[in-house]
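Have a look at the structure below, then the notes.
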Amino acid sequence: MNDIRQITPFSEELSQAEIEEIAIFIGNKEYVIKEYYVLPAFLLTGSSSLSINKIGYVCEPKGIDYPIILTIEGTPRMIYLGKSGIFEAMRESFLDVNEKAEEELDCLPEITEVKVPKDIQFKLDYSFAIN
C-alpha cells in the first residue's frame, strides 16, 4: 500500500528544507546560479528507512528552464522538463513478449532526495510504500 502526498510552495516541509545554490545551464546559452530546496526522503516520508517510488512534478512556464534533481541510488540526476513543464516517474515492468522463458523485469525507482527550484510555482506529487 502507498501513501500519496503533495508539496507546493506553500507547504510546511519547505520551511524545514535546506537551500542550496546550484549552477544550471539555461537555454543552451549560459549558466546561472539558482537556489533549490533540498528535500531528503526522510523529510517527505517521515522515516529515514523509506524512499519515494513514484513522483510527479509540474511547474509554471517560467520554471521550465530549471531542472529538478533526483537522487536515485546515491546518484544525483538532473531532469530537464519538456515544453509541457511536466515530469513523472514510477515503477515500470518489462517483459520480452518474444521470449516465453524470459522473466519479467521490474524497474522501481528508489528516490532518496529531490531538489526543486526556489521561487517557482510548482506541485510535487509523490508516493511511498507504507507497509
Open item on the list: To make sure I understand the rule: partners must be lysines, Cα under 18 Å from the Cα of Lys83, and not fewer than 8 residues away in the same chain. Which ones qualify?
Closed with: Lys29, Lys62, Lys123
Open item on the list: I need two numbers for the chain: Rg to one decimal and Dmax as a whole number, Cα atoms only, in Å.
Closed with: 16.2, 52
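Full extension from Ala129 to Thr75: what is 0.36 nm times the residue separation minus their Cα-Cα distance, to one decimal in nm? Please report the intermediate quantities before stating the final value.
Values: separation 54, 0.36 × 54 = 19.44 nm, distance 2.12 nm.
Going from the current span to full extension adds 17.3 nm.
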Task: Extension gain (nm, one decimal) between Leu14 and Glu88, 0.36 nm per residue minus Cα-Cα - done: 24.6 nm
Task: Net charge of Cβ neighbours under 11 Å - reference Met90; Lys, Arg +1; Asp, Glu -1 - done: -1
Task: Inter-site label distance for Glu21 and Arg5 at 7 Å from Cα along Cβ, in nm - done: 3.0
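Would you work out the relative contact order for region 2-129, in percent, from Cα pairs under 8 angstrom that are 6 or more residues apart? Each step should come with its number before you reach the end.
Numbers: 270 pairs, mean separation 46.7, N = 128.
Relative contact order, region 2-129: 37 percent.
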TODO: In debye, nearest 20, what is the charge dipole magnitude of region 31-88 about its Cα centre with +1 on Lys and Arg Cβ and -1 on Asp and Glu Cβ, if you could check?
DONE: 60
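Placing +1 at every Lys and Arg Cβ and -1 at every Asp and Glu Cβ, with all other atoms neutral, what dipole size does region 2-129 have around its Cα centre, in debye to the nearest 20?
On the way: 12 positive and 23 negative charges, 105 e Å.
That gives region 2-129 a dipole magnitude of about 500 debye.
Each value in this text was obtained by applying a stated rule to the coordinates, not by laboratory testing. What you see is a predicted model, and the numbers here were worked out from it, not measured in a lab. All Cβ positions, glycine included, derive from the backbone under ideal geometry; neighbour counts span all protein chains shown.
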